[in-house]
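Taking it in order: structure first as structure tokens, then the write-up.
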Amino acid sequence: MDQVLCKEEPTKEVILEAALDVIEDRAISGTRLRLIAERANLFQSNIHYYFRSKRELLLAVQKKVLNRCIEIRSALEQEAEDTLDAQLNVFIRQKVEFIRNLRKYDYAEIDFWVQARSDEDIRREFKRSFQNWRSDIKDILRPHAPGAKEKELDLCAAMFVSLLEGATLQYLIDSEAFDLDNYFDAARDAVKARLALICNPSI
């Protein structure tokens with residue numbers, strides 16, 4: 001392996017991207033700092049310059065994954081029209097980008113969800129992320145559901161998050177199971193139908 005000299009200090013970004021590659025290949029349970037160093041073409045000591053332990057590195061990777069979601073959505077929001085469909089599509093397009101082009105981010109997210117069962121710091125970060133996700137969706141739904149109670153919007157937002165995440169879990173295992181675009185069209189329609197029911201219970 002051709003390694004860079006220690007004086008050519010690697011950036012955190014190189015290390016984090018290499019960690020994502022290793023997690024995609026080996027899962028978190030099989031991830032080792034040695035493997036990350038090899039993937040990044042670095043000495044393991046370079047990694048310790050930025051991260052004191054594997055756990056500290058993994059927490060940084062988790063934040064990178066969550067922040068990447070936000071970055072993509074923020075960019076999409078800049079070009080989205082101010083309609084319910086367009087605003088819901090921001091979340092859908094971010095998820096499709098992960099599934100189709102940035103799969104290692106989705107694989108890492110799933111693996112971190114498993115780790116959250118036993119790691120309180122990872123669990124806390126996930127909880128905060130999901131809360132923010134639901135809150136952002138509620139902000140989109142609220143103008144289209146005048147008079148709706150907060151608990152009704154909470155449920156609608158949670159349902160949309162489940163539909164988004166459910167696509168990842170199914171599609172990454174079996175990409176032939178369903179057409180991804182059709183799935184998300186149906187997911188958007190389901191959220192809109194629920195919103196219509198909230199606004200007009202007599203339907």
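The values are calculated or read from the model by the stated rules, or taken from the named source; none is laboratory data. In this text, all values refer to a predicted model and were calculated from it rather than measured experimentally. Please note: Cβ atoms are built from the backbone with ideal geometry, for glycine as well, and neighbour counts cover all protein chains shown. Quick note on the areas: whole protein, heavy atoms, side chains included, nothing else; ligands and nucleic acids left out. Shrake-Rupley method; radii C 1.70, N 1.55, O 1.52, S 1.80 Å.
Once neighbouring chains are kept in place and the probe is 1.4 Å, which whole percent of the accessible area of the chain is contributed by carbon and sulfur?
Numbers: 5420 of 11240 Å².
Of all accessible area on the chain, carbon and sulfur atoms account for 48 percent.
Among the GluC sites (Glu not before Pro) in the stretch 77-114, which ones are in a DSSP loop with at most 10 other Cβ atoms within 10 Å of the Cβ? Mind listing them?
Details: sites: GLU77, GLU79, GLU81, GLU97, GLU109; in loops: GLU81.
Those satisfying the criteria are GLU81.
Could you give the size of the charge dipole of the chain about its Cα centre, using +1 on the Cβ of each K and R and -1 on the Cβ of each D and E, expressed in debye and rounded to the nearest 20? Display every interim value, and only then the final one.
On the way: 31 positive and 36 negative charges, 172 e Å.
About 820 debye.
Between ILE110 and ALA60, with labels modelled 7 Å along Cα→Cβ, what's the label distance in nm to one decimal, could you check?
2.6
Can you name the helices of the chain, as whole DSSP H runs, whose Cα span along the helix axis is 27 Å or more and whose Kyte-Doolittle mean is not below -0.5? Mind showing how you got there, number by number?
Details: long enough: 54-79 (39 Å, -0.31); 120-141 (31 Å, -1.36); 150-171 (32 Å, 0.51); 180-199 (29 Å, 0.31).
TM-like helix candidates: 54-79, 150-171, 180-199.
Which net charge results for the neighbourhood of VAL22, defined as the other residues with beta-carbon distances under 9 angstrom from its beta-carbon, given Lys and Arg at +1 and Asp and Glu at -1?
Value of the local net charge: -1.
What residues from the stretch 112-129 fall in the zone where the backbone N is under 17 Å from a label point 7 Å along the Cα-to-C-beta line of ARG26?
112
Under 21 Å from the Cα of LYS151, which lysines turn up, not counting those fewer than eight places away in the same chain?
Leaving aside lysines fewer than 8 places away in the same chain, those within reach of LYS151 are LYS127, LYS138, LYS192.
Quick one: if the Förster radius is 41 Å, what FRET efficiency do ASN182 and GLU150 give, using the C-beta to C-beta distance and rounding to 0.05? Kindly include the intermediate steps, with their values, before the conclusion.
Values: r = 32 Å, r/R0 = 0.78.
E(calc), rounded to 0.05, equals 0.80.
Assigning unit charges at the beta carbon (Lys, Arg +1; Asp, Glu -1) and nothing else, what dipole magnitude in debye, to the nearest 20, does the stretch 47-161 show about its Cα centre? Spell out each step's value before the answer.
On the way: 22 positive and 20 negative charges, 119 e Å.
My answer is approximately 580 debye.
Would you mind getting the accessible area per residue of the chain, heavy atoms of the protein chains only, 1.4 Å probe, in Å²? Intermediate results must be reported in sequence, preceding the final value.
Values: 11240 Å² over 203 residues.
Ligands and nucleic acids excluded, the result is 55 Å² per residue.
Label-point separation (nm) for SER45 and ARG142, each offset 7 Å from Cα along Cα-to-Cβ?
Here the answer is 5.4 nm between the modelled labels.
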